[in-house]
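Read through the structure below, which is laid out as structure tokens, and then see the notes.
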Amino acid sequence: MNSQVSSASAQRTLRDPRLDFFRGLGMFIILIAHIPWNSWTSWIPARFGFSDAAEMFVFCSGMASALAFGGVFARRGWWMGTARIMHRVWQVYWAHIGSFFLVVALLAGADMYFGGERYIKAIQLDRFFADAPLRLMQTMVLAYLPPFFEILPMYLCILAMVPIVMALSRIHVGLVFTFMIVLWLMANVGKINIPAQPEGGRGWFFNPLGWQLIFFSGFALMRGWWPAPPRDKRLLWLCIAIVVAAAPFSCRYGFYCYQGWGYFPVLSQVQDWLGPVITKTEEGLLRYVHFMATVYLAWYAAGEGGKNLKGLVVDVTRKVGQQTLAVFLTGLVVAHALGIMLDVIGRGFLATAFINLLGIAVLIAAAYATGWFKSAPWRARPPVPAPDDGR
């Protein structure tokens, strides 16, 4: 029995090529989406469906967390598993704080150089500088979150729920799904959220109570609590139908949307009517269904064990997916720098292509550099020189 548990645990800790590939793909899409006034955002998945790369990032994070932390709970017990989660929460907290101040310094520096307050006002950082001592304290306790800085705090909050989920799973797996649904209902029906600023008026854009449904769906699949679906052609066509039907009612921004809604204003009216079930903040029901349909299509296309994911592009993308936190933080800062560069060189076709490809190259470089540092090459023994044979 113990050997079977050890074998199963070892299998779960192996890297899944599909997980790394889609995590990496999500990082590229998120970078493109975060470059200010980037015309390439007209063609990201968010323009053709209710869900987007944010769901991909959170879902894959749930799967990765099941691999990285689930085994600790199984091998070392609940207390050690909780300690491991708290260590990760601590890391993510400081990653958020560090990236926040890097972006603040970058945008403030750009405004000092060019004059005015264009960049800090673009993401409402003018409120930070209006009362910096107070905002500084609020930032450190996550009581003040400007727009674009909420995904890591959301991830941090959901990670803190993992010990609760693991405790419930020891009683009955059904309690885990009950916990997930109750929290999701609190966000969507009860409209419970965390204030993004003490003076009120705005909650977190990524409400952890709603978004935990995405995270723990991936977590449950990887832990085996939610069995993988069958490869069924009927289910395949149902998911295709969901994705295709959602496309015309999905977005308000980008070339595709302007063309579609310019000719058919009713599309905008339908989206407004669907608002409560496609909301991003609380992860609306139809948004969740749409994302799970895309998950099935991606899983089906990747083939069993990811056998269809081959080639240099796939390998590089997987490398990016293996270093998600470092790459995400890099993209968060670089996206703003690239937006400033576009303001300087213009937003023509070639300039925009250059900036986006440069950003993708930076993410790839960050992934390989992080992997190299994590390998601790300085610990390796230097190669032994070949003996001198006297020739």
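The values are calculated or read from the model by the stated rules, or taken from the named source; none is laboratory data. In this text, all values refer to a predicted model and were calculated from it rather than measured experimentally. We place every Cβ from the backbone using ideal geometry, glycine too, and count neighbours over all the protein chains shown.
For Val103, state whether it is more than 22 Å from Thr279 (Cα to Cα), out of contact with any Pro (no Cβ under 8 Å at 6 or more places or on another chain) and surrounded by 14 or more Cβ atoms within 10 Å (Cβ to Cβ). Taking the combined requirement at face value, the residue satisfies it.
Take the conditions (1) surrounded by 20 or more Cβ atoms within 10 Å (Cβ to Cβ); (2) modelled with pLDDT under 95; (3) not in a loop (DSSP other than H, G, I, E, B); Phe216 misses just one of them, which is (2).
One line per residue, one yes/no per condition, for (1) out of contact with any helix residue (DSSP H, G or I) (no Cβ under 6 Å at 6 or more places or on another chain); (2) assigned to a helix (DSSP H, G or I); (3) without any contact (Cβ under 8 Å) to a residue 60 or more places away in the chain; (4) not charged (D, E, K, R):
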site	(1), (2), (3), (4)
Gln269	yes, yes, yes, yes
Glu282	no, no, no, no
Phe291	no, yes, no, yes
Trp299	yes, yes, no, yes
Lys310	yes, no, yes, no
Lys319	no, yes, no, no
Ala335	no, yes, no, yes
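Looking across Thr324, Thr352, Thr330, one residue alone is more than 29 Å from Ile97 (Cβ to Cβ) and of a type in the set (Ser, Thr, Tyr). It is Thr352.
Within the stretch 87-117, being among the aliphatic types (A, V, I, L, M) and touching a residue at least 60 places away in the same chain (Cβ under 8 Å) holds for Val89, Val92, Ala95, Leu102, Val103, Leu106, Leu107, Ala110. Within the stretch 46-62, the set of residues being surrounded by fewer than 24 Cβ atoms within 10 Å (Cβ to Cβ), of a type in the set (A, V, I, L, M) and under 12 Å from the mean Cα position of the chain (by Cα) comprises Ala53, Ala54. Selection over the stretch 284-311 of residues that are modelled with pLDDT of 95 or more and charged (D, E, K, R) gives a count of 1. In the stretch 37-45, the count of residues that are at pLDDT 90 or above and under 11 Å from the mean Cα position of the chain (by Cα) is zero.
Assess whether Pro133 counts as being free of Cβ contacts under 8 Å to residues at least 40 places away in the same chain and assigned to a helix (DSSP H, G or I). Against the criterion (free of Cβ contacts under 8 Å to residues at least 40 places away in the same chain and assigned to a helix (DSSP H, G or I)), Pro133 qualifies.
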